[in-house]
Amino acid sequence: MIFSNFECNFKIRKSMKKLDSNQDKESLLEELKCLRKENKKLASQKDKIKAKYDKTKKELKKKTFGR
């Protein structure tokens with residue numbers, strides 16, 4: 001789900017802003033900065049989801065063996 005959102009956002013940005021041979025370096029650097037920021041955000045979300053998954057899995061394991 002997270003990566004599908006990223007892919008959708010990437011496609012939207014790409015369609016809104018066509019790359020041409022005259023595009024200046026600054027705008028490419030800004031785009032890179034934006035993509036890196038998005039990547040950090042997605043990595044953070046992934047870590048939070050994994051932590052929640054691990055916690056839930058551990059609790060379920062306790063409940064299953066606790067019977």
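The values are calculated or read from the model by the stated rules, or taken from the named source; none is laboratory data. Just so it is clear, the model here is predicted, and its values are computed rather than measured. FYI the Cβ positions are ideal-geometry reconstructions off the backbone, even for glycines, and counts take in every protein chain you see. The protein model used for the area step is the full one, side chains on, heavy atoms only, and it has no ligands, DNA or RNA in it. Shrake-Rupley method; radii C 1.70, N 1.55, O 1.52, S 1.80 Å.
Checking the structure you have, find out if any residue of segment 48-60 is of a type outside the set (V, I, T), open to solvent by less than 90 Å² (accessible area, probe 1.4 Å) and either at pLDDT below 85 or not in a helix (DSSP H, G or I) (or both).
Taking every residue of segment 48-60 in turn, none turns out to be of a type outside the set (V, I, T), open to solvent by less than 90 Å² (accessible area, probe 1.4 Å) and either at pLDDT below 85 or not in a helix (DSSP H, G or I) (or both).
Among the residues that make up segment 5-18, is at least one of them surrounded by fewer than 10 Cβ atoms within 10 Å (Cβ to Cβ), among the hydrophobic types (A, V, I, L, M, F, W, C) and at pLDDT below 95?
yes
Can you run down the residue pairs with Cβ atoms below 7 Å, 6 or more apart or on separate chains, where the first is in segment 12-36 and of a type in the set (K, R) and the partner is modelled with pLDDT under 90 and open to solvent by less than 80 Å² (accessible area, probe 1.4 Å)?
Close Cβ pairs (under 7 Å, with a partner that is modelled with pLDDT under 90 and open to solvent by less than 80 Å² (accessible area, probe 1.4 Å)) do not exist here.
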